[in-house]
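Shown next, in structure tokens, is the structure this report addresses.
The values are calculated or read from the model by the stated rules, or taken from the named source; none is laboratory data. Keep in mind the model is a prediction, meaning the values are calculated, not measured. All Cβ positions, glycine included, derive from the backbone under ideal geometry; neighbour counts span all protein chains shown. Remember, those area values only see protein heavy atoms, side chains included, never the ligands or the DNA or RNA. Shrake-Rupley method; radii C 1.70, N 1.55, O 1.52, S 1.80 Å.
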Amino acid sequence: MTAITDVVNLDKEGEIAVLSINNPPVNALGIAVRQGIADGVTAACKDEGVTAIVIICQGRTFMAGADITKFGKPPREPGLGRVLEIIESSRKPIIAAIHGTAFGGGLETALTCHFRVAVDSARLGLPEVKLGLLPGAGGTQRLPRVVGVEKALKMITSGNPIGAKEALEDGLLDEIIKGDLLSGAVAFAETILSEKRPMLRVSEMNEKVEAARGKPEIFENFRKSIARKTRGFNAPEACVKTVEAAVNMAFGEGLKFERQQFEILMKGPQSAAQRYAFFAEREVRKIPDIPKDTPLHDIRKAAVIGAGTMGGGITMNFINVGIPVTLIEQRKDLLERGMGVIRKNYDISAARGRLTPKEVEERMSLVTGSVSIEEVADADIVIEAVYENMDLKKEIFSKLDRICKQDAILASNTSYLDVNEIADHTSRPESVVGLHFFSPANVMRLLEIVRGKKTSKSVIASSMALAKRINKIAVVVGVCHGFVGNRMFSQRTRETDQLILEGPMPPQVDKVIYDFGFPMGPFVLRDLIGLDIGWRKETSTGSTIREVLCELDRRGQKTGAGYYKYEAGSRIPIWDPEVEKLIFEFSEKNNIPRGEISGKEIIERSIYPIVNEGAKILEEGIANRPSDIDVIWLNGYGWPIYLGGPMFWADQVGLENILVTLKKFQERFGDLWKPAPLLERLVKEGKGFKDL
Ligand code: 3H9
């Protein structure tokens, strides 16, 4: 075996050279890998005893792409483009042997090999768009030549991978290897040599791109089909344009165009934000004082208390991954209703072809309903998901304390309440944790893990591991009213509520927030989730527009009217002059002068307080890092990923600009706008949140 570089070895199996890459964790194409491939292929080509070359990777995956950590740093030669030229122009056939994920530059490398084989669990894709980029090493030019233009457009603009079976059907793979990949790939190499199969250079395969030439409607229709999903993003359109270039230009020209577009995106703010988000979502898993080897609770059985919307959604998370759940309700009718909703959700998935009827039954068979809380005795984790009432929660937790086995994790799904107070109502506060799921709990990826004063490290580590198992992005936060997400979000709610009393009507505010990049404005959102969350008729005082609307039974989409009105069966908000009148009257009655407020001020007043609150949260140690806050906003509140998250965005706007505006608002509106001391300090030191 010859070491070509630290991370690339060249070996021989008979006449087949094996170029083996070992660059953990994901065999990213850093300089040592690129140099190793270039030199290894060159050496194997020169070796007269070699007839073909297999490129294979060690560890968990084939190359998962370029080394993202090196983006934005001075390039080092050989670049990936040059390495791929060396592979494709080889006179000896090169076979990519794929396992794990052939992603981005990894798939682009495989596309320059003359043959591709993979194990059946392999996944192949070009996820660059998720980093605000496009495939910059020939992927946009080669993939359509193999799988056809429409399929390539779909893969490149979504960034979603395909499995080996589909790749074989699409011609992206030549064979699926059963058993050992290396032996299979070597055997494949021997077969193609003995059959004298012609070497295929993808750059020379023009049939599929020529078939789309002179058909601009393919691209126009495709653009329309992705318009809603890709609103605000720059990269998807650049991807489409570049695939269009593959159709209309010669290969070499297309490659140049691709490079140029790649560079534009790479230097742009969106990719910087999306790459930041990629690393933020990985950093969030690291809890400063909890070592990797912290012992974990073995979670095989779960119990959920409360079969309402949250409890049902939480239950689905567990049974989706095969963890049985005991679902507890107070009354049989409520339990049946809850179980019915779970089944209905699965039936909808089955009707959409996402689950088979057998899978629906398998999942349902994992839920056992009961009206006796005693049934949770053998659960490894119990999640309480009843409505927000401290006394009720305390009562439940003291029962759990009595019933549950000693090493069980006792979790509350509270969104606001004091987890320490709940924990202190048990004799084992170290076992108590907040698991704040977001609604709908079976869909939303975010989970706030609320760490109480006494929560043990092993309970936190186990909650993190569990979150991964149920496909959530978990963020560990401290105890305070509303934790991180809702505490910050309530700032926006307060201010947008105020704005409509001072000038703009809800549709104007909604438009500004929507144009900022959120999926919907605050009032459309309120109508969707219901205005009556936390509202009760008996205690309503009509002191806000929301209360007034609730009192009129305008409780949102579910009652056909809220801030907006809705036609029967429709979710399209229609502005209602009745509400306009009501808001005018409310302002007048409360002596609030109305006037023109610019879009700029709407943004400043609804987003800057989020940033200010985030700074306070950091100061208090409620969040571990600014990027954790951003992960929460990206995954739980619809913050547009191309703006990175509120803390990242604040750094881009400039903390000084934000501070000056907050002070201006403090003078106008009072101390609610007082800047967080951390913000003042960072500005004084000329730093940003990124420096914390
Ligand atoms: C590209 O290829 C551009 C080209 O078109 C053109 C170039 C000219 N680089 O996610 P995990 C790290 S753009 C550097 O937790 P999993 C990651 O940060 C690239 N580091 O594991 C983490 O580090 P740590 C296109 C990377 O098993 C560790 O590896 N490719 C890279 O859940 C484990 O990652 C992509 O966008 C990288 N490319 O998932 C693929 N990738 O342990 C991005 C990962 O210190 N990667 N790391 O926190 C992924 O999608 C997932 O990581 C993967 C594994 C599915 C591969």
For segment 440-465, enumerate the residues that are within 19 Å of VAL631 (Cβ to Cβ) and open to solvent by 10 Å² or more (accessible area, probe 1.4 Å).
-> VAL443, MET444, ARG445, ARG451, ALA461, MET464, ALA465
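Sort out which residues of segment 67-91 are within 34 Å of the chain's Cα centre (by Cα), outside any helix (DSSP H, G or I) and farther than 20 Å from PHE278 by Cα, and write them in order of number. Let's see the steps before the verdict.
Restricting attention to segment 67-91, the residues satisfying the condition of being within 34 Å of the chain's Cα centre (by Cα) are 67-84.
Still in the running and outside any helix (DSSP H, G or I): 67, 71-79.
Across segment 67-91, the qualifying residues are PRO74, PRO75, ARG76, GLU77, PRO78, GLY79.
How many residues does segment 249-307 hold that are outside any helix (DSSP H, G or I) and open to solvent by 40 Å² or more (accessible area, probe 1.4 Å)? Quick ask: steps written out before the conclusion?
Taking segment 249-307 first, the residues outside any helix (DSSP H, G or I) are 249-250, 268, 284-307.
After this cut, where a residue has to be open to solvent by 40 Å² or more (accessible area, probe 1.4 Å) as well, the list is 249-250, 285-286, 288-289, 291-293, 295-298, 300-301.
Number satisfying all stated conditions: 15.
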Whichever residue in segment 58-106 is among the polar types (S, T, N, Q) and more than 10 Å from the ligand (Cβ to nearest atom) and, among such residues, is surrounded by the fewest Cβ atoms within 10 Å (Cβ to Cβ) | SER89
For residues in segment 517-536 being under 17 Å from SER490 (Cβ atoms) and part of a helix (DSSP H, G or I), which is modelled with the lowest pLDDT?
-> ILE529
Could you please find all residues in segment 123-145 being within 6 Å of the ligand (Cβ to nearest atom), buried (at least 24 other Cβ atoms within 10 Å of the Cβ) and under 15 Å from THR101 (Cα atoms)?
-> GLU128
Could you say whether any residue in segment 178-187 is more than 16 Å from the ligand (Cβ to nearest atom), open to solvent by 50 Å² or more (accessible area, probe 1.4 Å) and more than 36 Å from the chain's Cα centre (by Cα)?
-> yes
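If I ask for residues that are more than 15 Å from the ligand (Cβ to nearest atom) and of a type outside the set (S, T, N, Q), which ones from segment 240-267 would you list?
Within segment 240-267, VAL240, LYS241, GLU244, ALA245, VAL247, MET249, ALA250, PHE251, GLY252, GLU253 qualify.
Condition check ((1) surrounded by 23 or more Cβ atoms within 10 Å (Cβ to Cβ); (2) of a type in the set (Lys, Arg); (3) assigned to a helix (DSSP H, G or I); (4) not assigned by TED's automatic domain parsing to the domain that holds PRO236) across all residues:
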site	(1), (2), (3), (4)
GLU538	no, no, yes, yes
ILE572	no, no, no, yes
VAL579	yes, no, yes, yes
GLU585	no, no, yes, yes
LYS600	no, yes, yes, yes
GLU604	no, no, yes, yes
ALA615	yes, no, yes, yes
VAL631	yes, no, yes, yes
Among the residues of segment 362-419, how many are over 28 Å from GLY485 (Cα atoms), touching a residue at least 60 places away in the same chain (Cβ under 8 Å) and open to solvent by 20 Å² or more (accessible area, probe 1.4 Å)?
-> 5
Examine segment 150-168 for a residue that is within 29 Å of LEU10 (Cα to Cα), in contact (Cβ under 8 Å) with a residue 60 or more places away in the chain and more than 16 Å from the ligand (Cβ to nearest atom), and state whether such a residue exists.
-> no
The number of residues in segment 587-598 that are surrounded by 14 or more Cβ atoms within 10 Å (Cβ to Cβ) and part of a helix (DSSP H, G or I) is 1
Any residue at all in segment 482-495 that is of a type in the set (Asp, Glu), within 21 Å of the chain's Cα centre (by Cα) and at pLDDT 95 or above?
-> no
Selected residue [closer than 29 Å to LYS454 by Cβ and assigned by TED's automatic domain parsing to the domain that holds CYS404] from GLY353, GLY306, GLY322, GLY338 = GLY306
Which numbered condition GLU210 misses (of (1) of a type in the set (D, E, K, R); (2) within 22 Å of ASP170 (Cβ to Cβ); (3) under 26 Å from the mean Cα position of the chain (by Cα)) | (3)
Condition test on GLU281, is it of a type outside the set (Ser, Thr, Tyr), more than 26 Å from ALA465 (Cα to Cα) and touching a residue at least 40 places away in the same chain (Cβ under 8 Å)?
-> no
Residue check, PHE483 against (1) closer than 22 Å to MET647 by Cα; (2) in a loop (DSSP other than H, G, I, E, B); (3) open to solvent by 10 Å² or more (accessible area, probe 1.4 Å), all met but one. Which one?
-> (3)
Taking interchain pairs and intrachain pairs at least six residues apart, which have beta carbon atoms under 6 angstrom, with the first residue in segment 37-66 and farther than 12 Å from ASN9 by Cα and assigned to a helix (DSSP H, G or I) and the second open to solvent by less than 10 Å² (accessible area, probe 1.4 Å) and more than 16 Å from the ligand (Cβ to nearest atom)?
-> CYS45/SER90
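For (1) of a type in the set (Lys, Arg); (2) farther than 30 Å from GLY79 by Cα, each residue gets a yes or a no:
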| position | (1), (2) |
| --- | --- |
| GLY214 | no, yes |
| ARG228 | yes, yes |
| THR242 | no, no |
| GLY268 | no, no |
| ALA272 | no, no |
| HIS297 | no, yes |
| ALA303 | no, yes |
If you scan segment 216-230, which residues turn out to be outside any helix (DSSP H, G or I) and free of Cβ contacts under 8 Å to residues at least 12 places away in the same chain?
-> ALA227, ARG228, LYS229
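So, in segment 8-31, how many residues would count as being of a type in the set (A, V, I, L, M), closer than 19 Å to ILE94 by Cα and open to solvent by 20 Å² or more (accessible area, probe 1.4 Å)?
Within segment 8-31, residues that are of a type in the set (A, V, I, L, M), closer than 19 Å to ILE94 by Cα and open to solvent by 20 Å² or more (accessible area, probe 1.4 Å) number 1.
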Can you find even one residue in segment 205-214 that is surrounded by fewer than 16 Cβ atoms within 10 Å (Cβ to Cβ) and more than 28 Å from GLU88 (Cα to Cα)?
-> yes
Members of segment 469-490 that are closer than 21 Å to TYR608 by Cβ and of a type in the set (Gly, Ala, Ser) = GLY482, GLY485, SER490
Hey, any hits in segment 665-677 for a residue that's within 23 Å of LYS511 (Cα to Cα) and under 25 Å from the mean Cα position of the chain (by Cα)?
-> no
